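Chemist: Quick one: structure below, then a few questions.
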Amino acid sequence: MVRKICCIGAGYVGGPTMAMIALKCPQIEVVVVDISEARIAAWNSDELPIYEPGLNEVVIAARGRNLFFSTDVKKHVAEADVVFVSVNTPTKTTGIGAGKAADLAYWESAARTIAAVSTSNKIIVEKSTVPVRTAEAIEKVLTRNCSNPDVSFHILSNPEFLAEGTAMKDLEFPDRVLIGGRIETEAGRNAVATLKAVYENWVPPERVITANLWSAELSKLAANAFLAQRISSINAMSALCEATGADVSQVAFAIGKDSRIGPKFLNSSVGFGGSCFQKEILNLVYICESLGLQEVADYWRSVVGINDYQKDRFVRRVISGMFNTVRGKKITVLGFAFKKDTGDTRETPAIEVCRGLIADGAKVTVFDPQVKPDQVSYELSCEKFAWDHPKLGPSPGDPMQHVTCAEEVYAACAESHALCVITEWDMFKTLDYQKVYDSMVKPAFIFDGRNILDHEHLRSIGFIVYCIGKPVDPFLLSTMS
Ligand code: UDX
Ligand code: ADP
């Protein structure tokens, strides 16, 4: 029976996941630990470190009862029966595999801590996404570094499939919970059964599926690669639609009606972002290359390639549509988060859009209801892949020289030459666009990178409108090179 769970890493995955376990399993003490004092202090405060609909309520219900946040990593790891590891796994920035392979330094350090402080048997659960066969490597670190010969570790892979913005719903009603373990041995099967029993406090048993360790690890990379591949496929179609006068929404609707394809993840956009898709595909690419599977690696790399193309294509549309120059023009970027209902900005397409516009001389104003100015500044100053390495930090120079962050959306739009919708926040759908139009420089442009606005209404007001994958406005056709 599990009495105490400790989770190393109080981030986007560890925090919400443990909050849900604590809520649903009041008999288990759940402690989330982190080396970052600021993060733990925020989890213990009224202003949680991440914005996620429904999270506040769950934390308030369980915190202080059987959910705790602490920086005392050693104590709580030592006391736990089950240790989840949910630390960051950034892409390597230097050395072999730079720009593709996962940097497991944080994982390894967590494993060394577990080994050093353990005096009782433990189940170690891989929660952060890791390359296939990480469990095997971690097992070696654990067993070789633990001084107590009577202590045994059982490694499980329990990848998290929650999506940000809907994390609490995904955790409460998951499509499936996947537990990978050494099911070829009795001890391995027992460890799997122990974790399965925790989830079965609220997840129907048929939704808790088991697999061998490596299949579970690979399933996480594969699921994200498949999802991202759908987005890149529809985004590739969007370019073709614009060139031919077809409408990508109609194409997506028509193909989504095929029950074999299904309607989800077919929203054409300025490009996918987030901490998972690109990172995990590049990981997959690296694994394939390491195994000599170059064609497979090239196939998956092209999913990221189309995503880069889509972001670049959007910026080129903005610049060419506005008479081939945005120099000195105020352009308002509506939304900086990588998707709605989150304040997360990791790998957000807004970074490339802002950089592209700044490079052409624009004066960029950013408005996002959940992203603070220092976060915008951090993202715009980080080197590629550096965002997930807390120690690397931003590079020198002031990225905010050409960027302003606005607190109020109408003030953000006033005197702009163009608006670029980058995040699909609901509030952007219901703005008073007549008021916005009246306050803008004419001709007033809207580039809808999410296809969420009422384009006909905007055109009737007088806006020049560009939307992804739809027939291009005659005005824009005449200006585009
Ligand atoms: C993803 C996976 O969905 C989740 O299962 C995994 O655990 C982590 O990675 P997340 O990155 O949080 O979750 O969000 P997701 O909803 O998948 O969106 C990722 C990106 O794709 C966002 O930038 C989103 O705007 C974009 N997207 C999504 C599209 O452009 N079009 C779509 O149709 C769907
Ligand atoms: P994710 O999105 O996967 O949850 P985050 O970057 O949001 O990733 O969170 C990872 C957390 O793990 C960070 O808060 C970081 O401080 C923490 N962390 C990294 N290494 C360790 C470690 N060795 N011990 C404790 N916490 C760690």
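The values are calculated or read from the model by the stated rules, or taken from the named source; none is laboratory data. From a predicted model like this one, the values you see are computed outputs, not experimental measurements. Don't worry about glycine lacking a Cβ; one is built from the backbone with ideal geometry, like all the others, and counts go over all protein chains shown.
Chemist: Restrict the check to segment 346-360 and report whether at least one residue is of a type in the set (D, E, K, R) and part of a helix (DSSP H, G or I).
Modeler: Taking every residue of segment 346-360 in turn, at least one turns out to be of a type in the set (D, E, K, R) and part of a helix (DSSP H, G or I).
Chemist: Taking I123 as the residue in question, decide whether it is of a type in the set (A, V, I, L, M, F, W, C), modelled with pLDDT of 90 or more and over 23 Å from the mean Cα position of the chain (by Cα).
Modeler: Yes: the conditions hold for I123.
Chemist: Which of the helices (runs of 4 or more DSSP H) contained wholly in segment 179-282 include at least 3 residues that are among the hydrophobic types (A, V, I, L, M, F, W, C), surrounded by fewer than 19 Cβ atoms within 10 Å (Cβ to Cβ) and within 14 Å of ligand 1 (Cβ to nearest atom)?
Modeler: Hits in segment 179-282: 213-244, 248-256.
Chemist: Within segment 69-93, how many residues are away from ligand 2 (no atom under 15 Å from the Cβ) and under 25 Å from the mean Cα position of the chain (by Cα)?
Modeler: Number of matching residues: 2.
Chemist: If you scan segment 424-465, which residues turn out to be in contact with a His (Cβ under 9 Å, 6 or more places away or on another chain) and among the aromatic types (F, W, Y)?
Modeler: Y433, F445, F463 - these are the residues of segment 424-465 that are in contact with a His (Cβ under 9 Å, 6 or more places away or on another chain) and among the aromatic types (F, W, Y).
Chemist: Any residue at all in segment 469-481 that's assigned to a loop (DSSP other than H, G, I, E, B) and free of Cβ contacts under 8 Å to residues at least 24 places away in the same chain?
Modeler: For segment 469-481, residues assigned to a loop (DSSP other than H, G, I, E, B) and free of Cβ contacts under 8 Å to residues at least 24 places away in the same chain: present.
Chemist: While we're here: Please count how many residues of segment 2-29 are assigned to a loop (DSSP other than H, G, I, E, B) and in contact (Cβ under 8 Å) with a residue 40 or more places away in the chain.
Modeler: The number of residues fulfilling the criteria is 10.
Chemist: I need a count of the residues in segment 166-209 that are within 16 Å of ligand 2 (Cβ to nearest atom) and more than 25 Å from the chain's Cα centre (by Cα).
Modeler: Residues in segment 166-209 being within 16 Å of ligand 2 (Cβ to nearest atom) and more than 25 Å from the chain's Cα centre (by Cα): 0 in total.
Yes/no matrix, rows are residues, columns are (1) in the same structural domain as V132 (by TED's automatic domain parsing); (2) within 19 Å of L227 (Cβ to Cβ); (3) not small (G, A, S):
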position: E164; (1), (2), (3): yes, yes, yes
position: D170; (1), (2), (3): yes, yes, yes
position: A191; (1), (2), (3): yes, no, no
position: P205; (1), (2), (3): yes, no, yes
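Chemist: While we're here: Please specify each residue of segment 161-178 satisfying the condition of being surrounded by fewer than 23 Cβ atoms within 10 Å (Cβ to Cβ) and in a loop (DSSP other than H, G, I, E, B).
Modeler: Result: F161, L162, A163, G165, T166, F173, P174, D175, R176.
Chemist: Working carefully through the options P149, P159, find the one that is farther than 20 Å from I35 by Cβ, more than 14 Å from ligand 2 (Cβ to nearest atom) and not aliphatic (A, V, I, L, M).
Modeler: P149
Chemist: Of all residues in segment 11-34, which are under 16 Å from A80 (Cα atoms), of a type in the set (A, V, I, L, M), within 15 Å of ligand 2 (Cβ to nearest atom) and in contact with a helix residue (DSSP H, G or I) (Cβ under 6 Å, 6 or more places away or on another chain)?
Modeler: If the condition is that a residue be under 16 Å from A80 (Cα atoms), of a type in the set (A, V, I, L, M), within 15 Å of ligand 2 (Cβ to nearest atom) and in contact with a helix residue (DSSP H, G or I) (Cβ under 6 Å, 6 or more places away or on another chain), then V31, V32, V33 are the ones that fit.
Chemist: Somewhere in segment 91-110, is a residue surrounded by fewer than 19 Cβ atoms within 10 Å (Cβ to Cβ), part of a helix (DSSP H, G or I) and among the small types (G, A, S)?
Modeler: Yes, there is a match, as at least one residue in segment 91-110 is surrounded by fewer than 19 Cβ atoms within 10 Å (Cβ to Cβ), part of a helix (DSSP H, G or I) and among the small types (G, A, S).
Chemist: Quick check on this structure: which one of A42, A78, A10 is more than 16 Å from ligand 1 (Cβ to nearest atom) and crowded, with 22+ Cβ neighbours inside 10 Å?
Modeler: Answer to the check: A10.
Chemist: For F336, work out the one condition from (1) in a loop (DSSP other than H, G, I, E, B); (2) free of Cβ contacts under 8 Å to residues at least 60 places away in the same chain it doesn't fulfil.
Modeler: Condition (2) is where F336 drops out.
Conditions tested, residue by residue: (1) surrounded by fewer than 24 Cβ atoms within 10 Å (Cβ to Cβ); (2) away from ligand 1 (no atom under 12 Å from the Cβ).
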| site | (1), (2) |
| --- | --- |
| I287 | yes, yes |
| L291 | yes, yes |
| Q294 | yes, yes |
| D298 | yes, yes |
| Y309 | yes, yes |
| T332 | no, yes |
| K340 | yes, no |
| G343 | yes, yes |
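Chemist: Could you say whether any residue in segment 35-46 is of a type in the set (A, V, I, L, M) and away from ligand 2 (no atom under 16 Å from the Cβ)?
Modeler: Checked against the condition, which is being of a type in the set (A, V, I, L, M) and away from ligand 2 (no atom under 16 Å from the Cβ), segment 35-46 yields no hits at all.
Chemist: Still on this model: Scan segment 49-90 residue by residue and report those that are farther than 23 Å from E139 by Cα and part of a strand (DSSP E or B).
Modeler: R63, L67, F68, F69, S70
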